[in-house]
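Asks: I'd like to ask some things about the structure below.
The values are calculated or read from the model by the stated rules, or taken from the named source; none is laboratory data. The model shown is predicted, which means the values in this text are computed figures rather than measured ones. Neighbour counts are summed over all protein chains in view; Cβ atoms, including those assigned to glycine, are modelled from backbone coordinates with ideal geometry. What goes into the accessible areas is simple: the full protein's heavy atoms, side chains included, and nothing from ligands, DNA or RNA. Shrake-Rupley method; radii C 1.70, N 1.55, O 1.52, S 1.80 Å.
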Amino acid sequence: MTIGILGGGQLGYMLALAGYPLGLHFRFLDPSPQAPVGRIAHRVTAEYSDHDALEKFAHGLELVTYEFENVPVEAARFLAKHVPVYPPPEALEAAQDRLNEKSLFKKLGIATTSFAEVNGAGDVDAAVKKTGLPAVLKTRRMGYDGKGSGCCEPGKTWNS
């Protein structure tokens, strides 16, 4: 079985290493010619918006997934016309906005930490009153591995 993965960074690298003992094969698409997976798997170097490259990438794949949530949803939607994409593009879209993701989890009855919407500096005090301290303030989009978040504890100020 050959699995296509959008993104060729360290998470994709680890995914391939875990899959090889199971007899799985991988093909990656990443815009960077230096993406780490090029050392262990076939890597297609192309922009996520390049439909011709996406079509060629999809040829012969059993399914496609992605290694992180900041892959453009449009690429997943395009590929879903040619090959199954898991999780589906709708799930990727929800995961790309932290507030939408948490709200969806709450609606589905999935436990989450307490959260509050913050659209600007004026919303922080009300959010902290709702969630309590210590608290973490995260960007809604494009944050990962500590990028795009700040923390506050009693007697300290927000930082990022």
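Asks: Do you know the Lys pair count in the range 1-152 for C-alpha distances under 16 Å, with sequence separation 8 or more or different chains?
Replies: 6
Asks: Two decimals is fine: what's Rg over Rh for the chain, C-alpha atoms, Kirkwood radius as Rh?
Replies: 1.06
Asks: Hey, another quick one. What is the Cα centroid distance between the range 58-105 and the range 1-50, reported in whole angstrom?
Replies: Using only Cα atoms to place each centre, the spacing works out to 16 Å.
Asks: With springs connecting C-alpha atoms under 10 Å apart, model the chain as a Gaussian network and identify which of His59, His25, His82 has the largest mean-square fluctuation.
Replies: The residue with the greatest mean-square fluctuation here is His59.
Asks: So, one more: Report the longest stretch of the chain that contains none of the GluC sites (Glu not before Pro) sitting in a DSSP loop with at most 13 other Cβ atoms within 10 Å.
Replies: That would be 63-116.
Asks: Further, regarding this structure: How about the range 23-115: which trypsin sites (Lys or Arg not before Pro) there lie in a loop by DSSP and see at most 14 other Cβ atoms within 10 Å?
Replies: Numbers: sites: Arg27, Arg39, Arg43, Lys56, Arg77, Lys81, Arg98, Lys102, Lys106, Lys107; in loops: Lys81.
Within the range 23-115, the qualifying trypsin sites (Lys or Arg not before Pro) (loop, at most 14 other Cβ atoms within 10 Å) are Lys81.
Asks: To continue, here is another question. Taking a ≥ b ≥ c as the square roots of the eigenvalues of the Cα gyration tensor of the range 1-94, is the shape rounded (a/c under 1.5), prolate (a/b larger than b/c) or oblate?
Replies: rounded
Asks: At 1.4 Å probe size, with every protein chain present, just tell me what the per residue accessible area of the range 1-98 comes to in Å².
Replies: Details: 4990 Å² over 98 residues.
Result: 51 Å² per residue.
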